[in-house]
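All of the numbers you see were taken from the coordinates with simple rules; none came from a lab. The structure displayed is predicted, hence computed values, not measured ones. All Cβ positions, even for glycine, are placed from backbone atoms using ideal geometry, and neighbour counts span all protein chains on display.
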Amino acid sequence: MRLRFTSLGTLAALGAPILARAADTAAAGADKLKGFGLASSDAGSLPIGRVILAFLLVAALAWAATWLLRRTGFRGAAIGATGVASIRTLARSTLPGGVTCHVIETQGRQVLITVTRQGATSVVLGDAPTTPVPTP
């Protein structure tokens, strides 16, 4: 059997007890959380000055980190025993579907690096071929 509501007043009269019970439950839940310090949050009244100050602080830190890396030169984890990064690109190929393959040589080994939209993988191909040194 379907109920037909002819006016919004009838609908409001039926929904009022449900809303009142929900409000009482929420108030009781808030009273329980006051001991933990969770119900007295003033997140709605956060001063805009704090937000602006935090944003400016984070932006300044990001700028300083970028400036420092550009000035000193970023040297990654591929630093050899001599203290100089020795990475040499041997080949690069772009495949359909946004897949890029790089073959590099570092620390006497050849490495295949494959970059896709989902991530990057690397495979050590083996020791780099050495060219024979001519003897006198």
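For this structure, a couple of remarks:
- Positive contributions from Lys and Arg (+1) and negative ones from Asp and Glu (-1), summed over other residues with Cβ under 15 Å from the Cβ of TRP63, come out at +2.
- Computed from phi, the 3J(HN,Hα) profile of region 100-117 under the Karplus parametrisation 6.51, -1.76, 1.60 (θ = phi - 60°) reads 10, 10, 10, 10, 10, 10, 8, 6, x, 10, 9, 10, 9, 10, 10, 10, 10, 5 Hz, with x in place of Gly and Pro.
- FRET efficiency for the pair LEU53 and THR130, taken as 1/(1 + (r/R0)^6) with r the Cβ-Cβ distance and R0 = 41 Å, rounds to 0.10.
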